[in-house]
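A.B. asks: Pasting a structure here, questions to come.
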Amino acid sequence: MDKEKADKIYSIQISINATMLDALKQMDKTFRRLLLVMNDDKFINILSIGDIQRAIIRNKPMNIGISEILREKTLISGKKDDSEKIRQEMLEKRIECMPVVDENGALHDVVFWEDVFEDTPQPVVKKFNAPVVIMAGGEGTRLRPITYVLPKALIPLGEKSMLENIIDSFSVYGCNDFYISVNHKAEMIVNYVDQVAKGKFSVKYIKENMPMGTAGSLYDLKNKINSTFFVSNCDILIRNDYSSILDYHNENKNELTIVAALKHLSIPYGIIETGDNGVLSHIVEKPEYTFQINSGMYILEPSVLDEIPKDKFFHMTDLIDILKSKNKKVGVFPVSEKSWVDIGNWNEYLSLSFK
């Protein structure tokens, strides 16, 4: 085995004694969504991003050991000389790598998706066709002065505009029914998207006559969208399996699902906690906290459109508050910190655009 392959295998190994937070950070660092759990040199099991997401949904703390969230049986393993079986298992389970272990649990090799399926750089996705609404009416004030020239949705990210990246991220799942809410520099967005679409997908525009907030323009979709649909802000991109988010939404019978990005914050100081009269309770040295941040992507049932007022500035958070007040079910699906691309301000944009 050459050094490059050995390094790649080592990068996705994690100790059975690691925490869930350790695993998330390692996944973000390696841009992998699957880790090999090891006890010294012995292969124990596979840990996937789905395992972690399900644990977070069950309110498991981030400092819990990964041993407590592993599935009971090893998901997959293969024999080195059974390449066709490995290939079929990887296709069937849509997994990015498969460990090759012996009867004693020793890890001999790892077969990576990109080594087996050279023409398909990512595991095959589970297809669905849900309408997608992209909110592109904002002025992008935090990205001035560039948004004096370009609308935020057309700012480049890599070789494509942000809007085209979002459309592409849904198209791979089979989505081809798009609605784009426009206001600021609307004509420029419409001309651009019409050139990009060219028969590849259907696009309709919701033209705002005034700023409508992050959800106000959805009023115009009443009786036009009659099935579960996605909503995305035009300045964010989620790198996650969209089908798993949709499955969570449907299985839990949510009226609305918020996609939340995990955000890790380290405080580089000792945090002091006190009681009555300033008496020291204890000091926490350089604590680390993890929060769930509203990413700007949602899944909605068409029935919630009835809660949106006509011709009124209205945010998605206003809709969520109304649904909660009526005891409607609002769910939260977590994605890792690096799975969330946010170009809403210069620091974030510059840190992403030139990598």
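Every read-out reported here was derived from the displayed coordinates using simple, explicitly stated rules and does not represent laboratory data. If you're wondering where the values come from, they're calculated on a predicted model, not measured in any experiment. Cβ atoms come from the backbone with ideal geometry, glycine included; neighbour counts cover every protein chain shown.
A.B. asks: Mind listing the long-range amide H neighbours of residue 13? Cut-off is under 5 Å, sequence gap 5 or more, other chains count too, H placed in the peptide plane at 1.01 Å from N.
C.D. replies: Excluding prolines and chain starts, which carry no amide H, the hits are 36.
A.B. asks: Right, something else. Just rank 232, 181, 11, 83, fewest to most, by other beta-carbon atoms within 10 angstrom.
C.D. replies: Taking fewest neighbouring Cβ atoms as first place, the list is 83, 11, 232, 181.
A.B. asks: Once the Cβ-Cβ distance between residue 282 and residue 142 is put in as r, and R0 is 35 Å, what FRET efficiency do you end up with, to the nearest 0.05?
C.D. replies: That pair, residue 282 with residue 142, gives E of 0.35.
A.B. asks: Another question, if that's okay. Determine, from the Cβ-Cβ distance of residue 239 and residue 200 and an R0 of 25 Å, the FRET efficiency 1/(1 + (r/R0)^6), rounded to the nearest 0.05.
C.D. replies: 0.70
A.B. asks: From the residues 86, 125, 221, which one has its Cα farthest along the dipole of the chain in the positive direction, the dipole being from +1 and -1 charges on Cβ of Lys/Arg and Asp/Glu about the Cα centre?
C.D. replies: 221
A.B. asks: A further question on this structure: Please check which bits of the range 27-57 a label hung off residue 266 would reach, taking the label as a point 7 Å along Cα-to-C-beta and the cut-off as backbone N under 14 Å.
C.D. replies: 29
A.B. asks: If eta is 1.567 mPa s and T is 4 °C, what Stokes-Einstein diffusion coefficient results for the range 149-254, Kirkwood Rh from Cα pairs, in µm²/s?
C.D. replies: 87
A.B. asks: List the lysines whose alpha-carbon lies under 17 Å from that of residue 85, not counting same-chain residues fewer than 8 positions away?
C.D. replies: Answer for residue 85, where 17 Å is the Cα cut-off: 93, listed by chain and number.
A.B. asks: I've got another one for you. How long are the three semi-axes of the equivalent ellipsoid for the range 204-355, computed from the Cα gyration tensor as the root of 5 times each eigenvalue, in whole Å, largest first?
C.D. replies: Working through the eigenvalues yields semi-axes of 34, 20, 17 Å.
A.B. asks: Now, a different point. Could you tell me how many cubic angstrom of Cα convex hull volume the range 122-211 has per residue?
C.D. replies: 108
A.B. asks: For the range 223-269, place one equal point scatterer on every Cα, skip the solvent, and apply the Debye formula. What is log10 of I(q)/I(0) at q = 0.15, 0.19 Å⁻¹?
C.D. replies: -0.55, -0.78
A.B. asks: Determine the equivalent ellipsoid of the chain by diagonalising the alpha-carbon gyration tensor, then write out the semi-axes as square roots of 5 times the eigenvalues, largest first, rounded to whole Å.
C.D. replies: 37, 28, 20
A.B. asks: Compute the long axis of helix 20-30 from its Cα atoms, compare it with the longest principal axis of the Cα atoms of the chain, and write down the angle in degrees, 0 to 90, nearest 10.
C.D. replies: Taking the Cα atoms of the chain, the angle to 20-30 is about 80 degrees.
A.B. asks: Between residue 125 and residue 17, what FRET efficiency follows from the Cβ-Cβ distance if R0 is 35 Å, with the result rounded to 0.05?
C.D. replies: 0.60
A.B. asks: Also, I was wondering about something else. Given charges of +1 on the Cβ of Lys and Arg and -1 on the Cβ of Asp and Glu, with all other atoms neutral, how large is the dipole of the chain about its Cα centre, in debye to the nearest 20?
C.D. replies: Roughly 860 debye, rounded to the nearest 20.
A.B. asks: Please list log₁₀ I(q)/I(0) at q = 0.12 Å⁻¹ for the range 3-116, using the Debye equation with identical point scatterers on the alpha-carbon positions.
C.D. replies: Values, matching the q order: -0.40.
A.B. asks: Run the quick spin-label model on residue 311 and residue 118: label points 7 Å from Cα toward the beta carbon, then report their separation in nm to one decimal.
C.D. replies: Spacing of the two 7 Å Cα→Cβ label points: 6.2 nm.
A.B. asks: Are there chymotrypsin sites (Phe, Trp or Tyr not before Pro) in the range 260-315 that DSSP marks as loop and that have at most 12 other Cβ atoms within 10 Å, and which are they?
C.D. replies: 269
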